[in-house]
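This report concerns only the one structure given below.
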Amino acid sequence: MVMENESLRYARDVVAADPMATFLGIQLKEIRRAYARLSLDIRPEYLNALGRAHGMIVSALVDQAAAVAANATEYRALIAEIKVNFLDAVSPGDTLTAEARAIDLRKSLSLWQVDVRDSSGKLIAAGQAVGYHRPSGRANGKST
């Protein structure tokens, strides 16, 4: 286990700033223990054939929000699984906000709820994620 301040720093400075999230433009807006709020502006290249936000970009936001929140705990975590229910379409130019909260937080595994809302506050996707908490002294699944 790691100290809480160190966990928040790690979640903010390392996990929230990972290369893919940065490339996609996902931004951390708020972080506290076992909670993260992130946002993403829907660019034209994020659209599907019908001109709406592709499920892949919404899923990426769910994954990233869960990862940041899961690492804002006393554990180092990897997201092992996500599930996303798409509830409504998202127009180009809109801004999505994802809020991740712990449903169940245990020593080895955690379960996360991630709600994704559009700029009007409408729930457009509901996600769940399972976090796997890595043992101490291991990085990227390998012993250090």
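Some notes on this structure:
- Scope the stretch 26-38; condition closer than 20 Å to Asp94 by Cβ, more than 10 Å from the chain's Cα centre (by Cα) and surrounded by 14 or more Cβ atoms within 10 Å (Cβ to Cβ); matching residues: Gln27
Listed here are the residues, each with its yes/no results for (1) under 19 Å from Ala129 (Cβ atoms); (2) at pLDDT 95 or above; (3) under 11 Å from the mean Cα position of the chain (by Cα); (4) exposed (fewer than 13 other Cβ atoms within 10 Å of the Cβ).
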site	(1), (2), (3), (4)
Met3	no, no, no, yes
Glu6	no, no, no, yes
Pro19	no, yes, no, yes
Phe23	no, yes, no, yes
Asp41	no, yes, no, no
Glu74	yes, no, no, no
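- Residues that are among the β-branched types (Val, Ile, Thr), at pLDDT 95 or above, under 20 Å from Val90 (Cβ atoms) and under 17 Å from the mean Cα position of the chain (by Cα) do occur in the stretch 121-132.
- Residues located in the stretch 112-126, provided they are among the hydrophobic types (A, V, I, L, M, F, W, C) and more than 12 Å from Tyr35 (Cα to Cα): Val116, Leu123, Ile124, Ala125, Ala126
The values are calculated or read from the model by the stated rules, or taken from the named source; none is laboratory data. Note that the structure is predicted; figures quoted are calculated from it, not measured. Note that we place each Cβ from the backbone using ideal geometry, even for glycine, and neighbour counts take in every protein chain shown.
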